[in-house]
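The values are calculated or read from the model by the stated rules, or taken from the named source; none is laboratory data. Bear in mind that the values here come from a model prediction, so they are computed numbers and not experimental data. Glycine gets a Cβ as well: all are built from the backbone with ideal geometry, and neighbour counts include every protein chain shown.
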């Protein structure tokens, strides 16, 4: 069945540095979603990408969907302490599967 | 809108006891999902429903786990008998349509002693 791999598992950065997490699927996806989970909280939807090669921005966050619709990335520019949390991708191919998540810590 | 409501928020029980977790999805949402989250295994999809019908329960660990959705506004996840390895945070999520964005509840933290 479909598998969604996400790397890295952990990322520790200094405040102001950039951060990127990558998501790869074993199958072509209909769409991909990104979620953020703050420590002690629940996953919260960030965005959905549908089109091949799509790029969307939310302030300092940039989301990309690969041309083959099998990979995606989330890039945060100039991280802040409020960016701390675990970022999950969730790939959909008539079967929504979450990646393992990337836990981001930010040192002030 | 109150969002997805889960109860209880915390549950501590002894091995062998029955545990029932409850979820009220957002009104009007057609799909409901149950997840389990642990440090070791991450976020696991257990089962999901569409229009109150179970679509995929392949994530349910074993026969001790069962889930029901008797109507559009209520779902339960039952563990009988519970075991210490079931200790985790259990999330319920709902979406307007299957594969739309999911809205997660606050979770139930289950501890089985």
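Can you say whether residue A:21 is more than 11 Å from chain B (Cβ to nearest Cβ) and not in a strand (DSSP E or B), as far as the supplied structure shows?
On the way: more than 11 Å from chain B (Cβ to nearest Cβ): yes; not in a strand (DSSP E or B): no.
For residue A:21, the condition - more than 11 Å from chain B (Cβ to nearest Cβ) and not in a strand (DSSP E or B) - is not met.
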| Got a number for residues in segment B:24-35 being outside any loop (DSSP other than H, G, I, E, B) and buried (at least 23 other Cβ atoms within 10 Å of the Cβ)? | 4
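Are any residues in segment A:63-83 touching a residue at least 24 places away in the same chain (Cβ under 8 Å) and within 13 Å of the chain's Cα centre (by Cα), and if so, which ones?
Filtering segment A:63-83 for residues touching a residue at least 24 places away in the same chain (Cβ under 8 Å) gives A:63, A:65, A:68-81, A:83.
Those that are touching a residue at least 24 places away in the same chain (Cβ under 8 Å) and within 13 Å of the chain's Cα centre (by Cα): A:63, A:65, A:71, A:72, A:73, A:74, A:75, A:76, A:83.
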| Of all residues in segment A:24-43 being within 16 Å of residue B:105 (Cβ to Cβ) and surrounded by fewer than 16 Cβ atoms within 10 Å (Cβ to Cβ), which is nearest to the other protein chains (Cβ to nearest Cβ)? | A:41
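For segment A:85-108, what are the residues that are assigned to a strand (DSSP E or B), closer than 11 Å to residue A:32 by Cα and either within 9 Å of another protein chain (Cβ to nearest Cβ) or more than 13 Å from the chain's Cα centre (by Cα) (or both)? Outline the logic, then answer.
So the first thing to find is which residues in segment A:85-108 are assigned to a strand (DSSP E or B), and the list is A:85-92, A:97-98, A:102-107.
Now restrict to residues that are closer than 11 Å to residue A:32 by Cα: A:88-92, A:97-98.
Matches in segment A:85-108: A:88, A:90, A:92, A:97, A:98.
Return the only residue of A:53, A:40 being modelled with pLDDT under 95, over 14 Å from the mean Cα position of the chain (by Cα) and on the phi > 0 side of the Ramachandran plot.
Values: A:53 fails: modelled with pLDDT under 95.
A:40 is the lone residue from the list that is modelled with pLDDT under 95, over 14 Å from the mean Cα position of the chain (by Cα) and on the phi > 0 side of the Ramachandran plot.
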| task | Answer yes or no: is there a residue in segment A:92-99 that is under 26 Å from residue A:12 (Cβ atoms) and surrounded by fewer than 19 Cβ atoms within 10 Å (Cβ to Cβ). | result | no
| task | State which residue is nearest to the other protein chains (Cβ to nearest Cβ) when the search covers only segment A:46-84 and only residues that are in a loop (DSSP other than H, G, I, E, B) and closer than 21 Å to residue A:17 by Cα. | result | A:84
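Select from segment B:97-113 the residues that are under 23 Å from residue A:45 (Cα atoms) and part of a strand (DSSP E or B) and write down the one among them that is farthest from the chain's Cα centre (by Cα).
Our first condition is that a residue be under 23 Å from residue A:45 (Cα atoms); within segment B:97-113, this holds for B:97-109.
If we keep only those that are part of a strand (DSSP E or B) as well, we get B:103-104, B:108-109.
On the way: B:103: 13, B:104: 10, B:108: 9, B:109: 11 Å.
Once the filter is applied, the top-ranked residue is B:103.
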| Residue among B:75, B:94, B:58 that alone is more than 21 Å from residue A:35 (Cα to Cα) and in a strand (DSSP E or B) | B:75
